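To start, the structure under review is shown below, and the notes come after it.
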Amino acid sequence: MTSKHALPSYLNPEDLGPWGVYLEQIDRVTPYLGNLSRWVETLKRPKRILTVDVPIERDDGTIAHYEGYRVQHNLSRGPGKGGVRFHQDVTLSEVMALSAWMTVKNAAVNVPYGGAKGGIRVDPKTLSRNELQRLTRRYTSEISMIIGPNKDIPAPDVNTNEQVMAWMMDSYAMIGGNMSTGVVTGKPISLGGSLGRRDATGRGVFVVGCDAAAKVGMSLEGAKVIVQGFGNVGGVAARMFAEAGSKVVAVQDHKTTVVHSGGLNIPQLLAHVAEVGSVEGFSGAEAFVPREDFWGIDCDILIPAALEQQITAERAQVIRAKIILEGANGPTLPAADDILTDRGVLIVPDVLANAGGVTVSYFEWAQNFSSFFWTEEEINSRLTRIMREAFDAVWQVSQEKKVSMRTATFILACTRVLQAREVRGLYP
Ligand code: GLU
């Protein structure tokens, strides 16, 4: 994707990748920012980018090097906040975009954070558990000068989990010589993690799904749902929709696409995935279909919960859902966004739909500061309230200004970020 923007010199203007998608989204919101638009360039430049070499000794004695990043996109409203992903396709453009979407997301649900994201270009499936631990610890050490409970707080993302967060917390504690549990969120409960954090992103997707269904007059009972990605987000969301009486008629993961027109048995599918690592070979399937067929499957709700840039213009033409709930970050390309919006599909954007994870991360961080822990009911009801209030506020803006829910979320969020930017003023 080429761009008319003044680009940071480290990006290839011919191939902006996910950062180009984000810039396009900022262009769409700019006309709605009034006088604050004089600050909009702030949003087009990450505040701080750290690229690190992460060397580890492999189990066979060889030395391997991996490239890692931590990008702090914006710190106007608070410390940086956002996950760390381990994936073979991680690029700087991707981590920049993900960090910027965290800025927007955190402002959309009004948690007191800026936006940040990290990643290492590595396929973690090729590493042993000990190698993964060494990689995580060395990465933490390399970024330790810019993270901290009041500076920037990492969390899980694609292919990282509670164990990785425990290693990050421990490495940070060893480097600093003191314990500060609030340096990462998504930790194991035994280390100061929060009840409800594991399910929080999927639960948030379900909560906004209920609200979106109410807006279009759809009953969740019997609604047909298809889900791309069956990890911590897609798996939990699928379970909650199934519990609400919806029929999850297709699930696609990195290996295959499993369908059942009567509705897949989600508890059984989750158990199968926990055992073999994929939906492949699930005995409760009606059929396994070619990857590309997933997009045209008859359904009411589509939940992309895998990686970015999945819903292209071509796929947008065949999608049959009336509601799309973006569990993943950045799954929809701007051209596809336009096609779907024109077709009357209601898209609840990533920066709203998947904000449940960071919302409970915020609860975890607050609990860590006070060393006082809340019950799971308290967490879930506060999460539900925040998600519903954010959904309502975005819905109202989208109706008033006649814009998509994505642009409405950006209007609310970017206004909050730039107001903070303006009132703080420039230093020195
Ligand atoms: N990785 C999650 C996200 O994309 C959660 C981030 C966090 O909890 O800080 O929203």
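Please treat every number below as a calculation from the coordinates, not as lab data. All values derive from a computational prediction rather than experimental measurement. Counting neighbours? That spans all protein chains shown, and the Cβs are built from the backbone with ideal geometry, glycine included.
Rg to Rh for the stretch 122-169: what is it, with Cα atoms only and Rh by Kirkwood?
0.97
Using Cα springs under 10 Å in a Gaussian network model of the chain, which residue among LYS255, LYS44, LYS151 shows the largest mean-square fluctuation?
Highest fluctuation of the listed residues: LYS255.
If R₀ is 25 angstrom, what is the calculated FRET efficiency for the pair GLU314 and SER278, using the beta carbon separation as r and rounding to 0.05?
Approximately 0.45, to the nearest 0.05.
Cut-off is 10 Å between beta-carbons; in what order do SER370, SER144, SER404 appear when sorted fewest neighbours first?
Taking fewest neighbouring Cβ atoms as first place, the list is SER370, SER144, SER404.
Relative contact order of the chain: what whole-number percent is it, with Cα pairs under 8 angstrom and at least 6 residues apart?
Relative contact order for the chain comes out at 16 percent.
Based only on other Cβ atoms within 10 Å, what is the fewest-to-most ordering of ILE63, ILE297, ILE226?
Listing ILE63, ILE297, ILE226 from fewest to most nearby Cβ atoms yields ILE63, ILE297, ILE226.
Give the order of VAL251, VAL111, VAL52 when sorted by the count of other beta carbons within 10 angstrom, beginning with the fewest.
VAL52, VAL111, VAL251
Please give the charge dipole size of the stretch 317-380, origin at the Cα centre, charges +1 on K and R Cβ atoms and -1 on D and E Cβ atoms. Round to the nearest 20 debye.
Around 300 debye, computed over the stretch 317-380.
How much of the pair distance distribution for the stretch 26-128 lies past 17 Å, counting alpha-carbon pairs only, in percent?
57 percent
Just to confirm a number: summing +1 for Lys and Arg and -1 for Asp and Glu over residues other than GLU162 whose beta-carbon lies under 9 angstrom from that of GLU162, what do you get?
+3
According to a simple spin-label model (label point 7 Å from Cα along Cα-to-Cβ), what is the distance in nm between VAL216 and ARG382?
3.3 nm
Find out how many positive minus negative residues lie around ALA355, taking Lys and Arg as positive, Asp and Glu as negative, among other residues whose Cβ is under 15 Å from that of ALA355.
Local net charge: +3.
Among 80-90, 259-269, 32-42, how do they line up by average Cβ neighbours within 10 Å per residue, starting with the highest?
Ranked by mean Cβ neighbours within 10 Å, highest first: 80-90, 259-269, 32-42.
In debye to the nearest 20, how big a dipole does the stretch 5-161 give about its Cα centre with +1 on each Lys and Arg Cβ and -1 on each Asp and Glu Cβ?
It comes to approximately 700 debye.
What's the percent breakdown of Cα-Cα distances in the stretch 289-367 across 5 Å bins, shortest bin first?
Answer for the stretch 289-367: a P(r) of 3, 16, 24, 25, 12, 7, 5, 4, 2, 0 percent.
For the chain, modelled as a GNM with alpha-carbon contacts under 10 angstrom, which of ASP152, ASP53, ASP300 fluctuates the most?
Evaluated over the chain, the most mobile residue of the options is ASP53.
What net charge is computed for the residues neighbouring LEU269, neighbours being all others with C-beta under 14 Å from the C-beta of LEU269, Lys and Arg scored +1, Asp and Glu -1?
Result for the neighbourhood of LEU269: -2.
Using a Cα-Cα cut-off of under 19 Å, which lysines could be cross-linked to LYS322, ignoring same-chain neighbours fewer than 8 residues away?
LYS215, LYS224, LYS247, LYS402
At 7 Å along the Cα-to-beta-carbon direction for both ASP60 and VAL40, put a label point, then send me their distance in nm to one decimal.
Inter-label distance under the simple model: 5.3 nm.
Starting from the Cα coordinates of the stretch 183-338, work out the convex hull volume and express it per residue in Å³.
That works out to 124 Å³ per residue.
When you have a sec, figure out the Kirkwood radius of the stretch 250-335 from all distinct Cα pair distances and drop it here in Å to one decimal?
Value: 13.6 Å, from the Cα pair sum.
Given the stretch 314-428 reduced to its alpha-carbon atoms as identical point scatterers, what log10 I(q)/I(0) does the Debye formula return at q = 0.10, 0.13, 0.19, 0.22 Å⁻¹?
Results for the stretch 314-428 at q = 0.10, 0.13, 0.19, 0.22 Å⁻¹ read -0.41, -0.65, -1.06, -1.21.
How long are the three semi-axes of the equivalent ellipsoid of the chain, in whole Å, if each is the root of 5 times an eigenvalue of the C-alpha gyration tensor, listed from largest down?
After diagonalising the Cα gyration tensor, the semi-axes are 30, 27, 22 Å.
With both partners inside the chain, how many of the DSSP beta bridges are antiparallel, as a percent to the nearest 5?
Roughly 50 percent of the beta bridges in the chain run antiparallel, per DSSP.
Tell me the mean residue ellipticity at 222 nm calculated for the chain from its helices only (DSSP H runs of n ≥ 4, each -39500 (n - 2.57), averaged over every residue, nearest 500).
-13500 deg cm²/dmol
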